[in-house]
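Values in this text are rule-based calculations from the coordinates and carry no lab data. No experiment lies behind these values; they were computed from the predicted model shown. Cβ placement follows ideal geometry from the backbone for every residue including glycine, while neighbour counts extend to all protein chains displayed.
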Amino acid sequence: MNVLLKYTMLIIMLVSIGFSQSKVTIQDNEIELNENEAVIEVLGMVCSMCAFGIGEGFSQTNFIDKSKFNDGVMVDIDAQYVKIALSRSSNVNPSRIVKVIEEAGYDVNSLFILQNKKLTKFSTYKLGILQPIAYNSSSSNIN
């Protein structure tokens, strides 16, 4: 029986390695983030036109995977975040993500990127400079 339990645990571990997921918290909302996705805490979104403007901004970039969500972008106005699907082959520039949001007229409070099984959290500080503030090489919860 003990051997069966060990094999079962081994199989569960091997299966979980193939799926890279993390959960992040934005304004008391737990958001599941999958491999090649980013979630941005956007301050000031209040209507569907906000979502449209942000979606249009990301449609002009080359790092969005348009096969997910609604052309690669999902906006949650109530929870104040935007989730984007990232193209696997692109090298995503976090500053470019922030620029798209700012060009749409909104402020970014934090940005999480899960790519290559690495979760990185970025935050803008008083001077508006985007800085990585947390890094984790495995799936986990980050606030």
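So here's what we get for this one:
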item	result
Measure of compaction for the range 26-76 (Cα Rg per 2.2 N^0.38 Å)	1.17
Per-pair calculated FRET efficiency, R0 = 35 Å: Met49 and Ser90 via Cβ, rounded to 0.05	0.80
Karplus (6.51, -1.76, 1.60) ³J(HN,Hα), θ = phi - 60°, over the range 59-68, in Hz, Gly and Pro reported as x	5, 8, 9, 9, 10, 8, 8, 6, 7, 9
Net charge contributed by nearby residues that have their C-beta within less than 9 Å of Asn36 (K/R +1, D/E -1)	-1
